[in-house]
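Worksheet: the structure to be examined is printed underneath.
The values are calculated or read from the model by the stated rules, or taken from the named source; none is laboratory data. All figures in this text were calculated on a predicted structure; none of them were measured in a lab. Cβ atoms come from the backbone with ideal geometry, glycine included; neighbour counts cover every protein chain shown. The protein model used for the area step is the full one, side chains on, heavy atoms only, and it has no ligands, DNA or RNA in it. Shrake-Rupley method; radii C 1.70, N 1.55, O 1.52, S 1.80 Å.
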Amino acid sequence: MRRSELLSLPPRQINVELRYLQINDTKGNENRKIILNDTAIECISGLFDEESDFIFYSKYNHKPLRSIRKPWAKAKEKPKYIPTFSFSRFASTYISHLIMNGVGLFTVARQVGHKGLRMIEKVYGHLLLGQRQDGANANDGLFTLTKTGHQIRFFGIINKKK
């Protein structure tokens, strides 16, 4: 999620039972669902007050936070979290790990709100080499090559050797 989407997220757009959150009026003027994993559900559960208009809001005026600079600085002080990068690097890290764990590019693009695959391929294509090798190996052995005399039989086609 973009920082602005996260900070303006109302509790009514989170469905813990169906494991997703709905982002309305995104940068591309579309709505999208973000599928949540167990860790996200655990973090979100109990985080917000159902009566509140926003999940992250100011204690003083109950309006959405506009910045996370102070909370982020406090989180960095705690040894449990020790983030070594900025908030904006979370998306890149998330995308990289999805790809390295074998998640298909279409799913990655949908999960992070990209309309197409071009940007994902351009920026993260170097992480796909292992998947490309897996793709090459997927049908290994499907066809057999047999040599009989001076002919090669391949999938029922006879090719004369030159």
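Could you check, for the range 40-50, whether at least one of its residues is modelled with pLDDT of 80 or more, open to solvent by less than 100 Å² (accessible area, probe 1.4 Å) and in a loop (DSSP other than H, G, I, E, B)?
Looking through the range 40-50, none of the residues is modelled with pLDDT of 80 or more, open to solvent by less than 100 Å² (accessible area, probe 1.4 Å) and in a loop (DSSP other than H, G, I, E, B).
Where the second residue is open to solvent by 40 Å² or more (accessible area, probe 1.4 Å) and outside any helix (DSSP H, G or I) and the first is more than 30 Å from Asn24 (Cβ to Cβ) and in contact (Cβ under 8 Å) with a residue 12 or more places away in the chain and lies in the range 113-137, which pairs have Cβ atoms under 9 Å and are six or more apart or on separate chains?
What qualifies is Gly130/Gly102; Gln131/Gly102; Asp134/Gly102.
Working only within the range 91-134, note down all residues that are part of a loop (DSSP other than H, G, I, E, B) and of a type outside the set (D, E, K, R).
Listed by number, the residues that qualify are Asn101, Gly102, Val103, Gly104, Gly113, His114, Gly116, Leu117.
Looking only at residues that are of a type in the set (A, V, I, L, M) and over 10 Å from the mean Cα position of the chain (by Cα) in the range 94-127, which one is surrounded by the most Cβ atoms within 10 Å (Cβ to Cβ)?
Only one residue fits best here, namely Ile120.
How many of the residues in the range 1-32 are open to solvent by 40 Å² or more (accessible area, probe 1.4 Å), part of a helix (DSSP H, G or I) and among the aliphatic types (A, V, I, L, M)?
1
So which residues in the range 61-71 are part of a loop (DSSP other than H, G, I, E, B) and either at pLDDT 80 or above or open to solvent by less than 100 Å² (accessible area, probe 1.4 Å) (or both)? Lay out the reasoning, then the answer.
Initial filter on the range 61-71 (part of a loop (DSSP other than H, G, I, E, B)): 61-63, 65-68.
Hits for the range 61-71 are Asn61, Lys63, Leu65, Arg66, Ser67, Ile68.
Just checking, which of Leu36, Leu9 is in contact with a strand residue (DSSP E or B) (Cβ under 8 Å, 6 or more places away or on another chain), among the aliphatic types (A, V, I, L, M), closer than 20 Å to Leu98 by Cβ and free of Cβ contacts under 8 Å to residues at least 60 places away in the same chain?
Leu36 is the lone residue from the list that is in contact with a strand residue (DSSP E or B) (Cβ under 8 Å, 6 or more places away or on another chain), among the aliphatic types (A, V, I, L, M), closer than 20 Å to Leu98 by Cβ and free of Cβ contacts under 8 Å to residues at least 60 places away in the same chain.
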